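First the structure, in the form of structure tokens, and then the observations on it.
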Amino acid sequence: MGSRKRQPVEGDAQRVQANREELVERIARAIHEDGTVEPLKGILLRHSSSPTELNPGVSDPAFSVIAQGSKELYLGEERYRYDPYHYCLGTVELPVASQIIEASKERPYLSLRLELDPALVGSVMIDSGHTAPPNHIDVKAINVSRLDAGLLDAVVRLVRLFDSPNESQFLAPLVTREIIYRLLIGKQGDRLRHIAVLGGYTPHIARAIERLRENFDQPLRIDDIAREIGMSVSGFHHHFKAVTAMSPLQFQKQMRLQEARRLMLGEHLDAASAGYRVGYDDASYFNREYKKLFGVPPIRDVERLREAAGMSAGQGAD
């Protein structure tokens, strides 16, 4: 009788391992070279044959799974690491930094990112009866949890649809809803619910973050923001950091520097002009802050990014 009880466990383990291997094989088949592709709308695949440097960016509400390799993500001073046995759930647009830790030509880093639409998350919540709790609580914007068998199985079925364009139009939305449902009933259910509630934040922090994002180039007046959302200054600082893992000043600074980087890359502004556009009157201070975040001065950083983009374009043409 003992052997009968163990058989389902062994069978489950074999099925999970088969799913992991299939996920690697199908993603590798869908993206052969370093870079990112979008085989279906809202689903992004990443391939990297080597580790990467720590790269600041802006997160989107998304569910991320690694088929092979590992990655680290930094939100403020907090670090999150995930791999094929864990998934990452991000619920808001925030300045983050990330780097691929494990990758090689023989075993490249392979990942899938599913963008999460707040309206769709809300629809699944209502249809499944797993609505948000009545009392809003501060929940970190990003976290990592173990990838269970049911969630992995749904991800594999979604990836299989890459080979079936006609079927994917009907089935991909259904499998996506299943993934959201499984996230709702899992350990990160509360975090996922916050995507559907005011874009992922508790109401008071939602208003504060929206104001900071819209007016990041303006002087920061903490007293005014705290008064507008009906909180004390100390209370505002506490709740803001509980959700974003950074202070309002750190948040504003990172948003400014990310936008300056975009202006120099996308609109070919010089460093002084980009710094002025995002709220820095002192060019030397802007340069120091930029180097502190990105590791090199603005001009060198932009040159490096353009060279990397040119190399990627050249590889893609071969």
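Read-outs throughout are calculated quantities, based only on the coordinates presented, and are distinct from any laboratory measurement. These figures come from a predicted structure and were not determined experimentally. Virtual Cβ from ideal backbone geometry, glycine too; neighbours counted across all protein chains shown.
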Across the range 282-296, in residue order, what do the Karplus-derived ³J(HN,Hα) couplings come to in whole Hz, using 6.51 cos²θ - 1.76 cosθ + 1.60 with θ = phi - 60° and x for Gly and Pro? 9, 5, 5, 5, 4, 4, 5, 5, 5, 5, 5, 7, 9, x, 9
C-alpha center-to-center spacing [the range 244-287, the range 61-85] in angstrom: 26 Å
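Taking the Cα centre as origin and putting +1 on Lys and Arg beta-carbons and -1 on Asp and Glu beta-carbons, what dipole magnitude results for the chain, to the nearest 20 debye?
Approximately 760 debye in magnitude.
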Provide the FRET efficiency to the nearest 0.05 for the ASP127-GLU38 pair, computing r from the beta carbons and using R0 = 30 Å. 0.65
In whole Hz and in residue order, list the ³J(HN,Hα) couplings for the range 269-277 that follow from phi through the Karplus curve 6.51 cos²θ - 1.76 cosθ + 1.60, θ = phi - 60°; x for Gly and Pro. 7, 6, 4, 4, 5, 5, x, 5, 4
What pairs in LYS105/LYS291; LYS187/LYS292; LYS105/LYS140; LYS41/LYS71; LYS105/LYS292; LYS41/LYS291 have C-alpha atoms more than 29 Å from each other? LYS105/LYS291; LYS187/LYS292; LYS105/LYS140; LYS105/LYS292; LYS41/LYS291
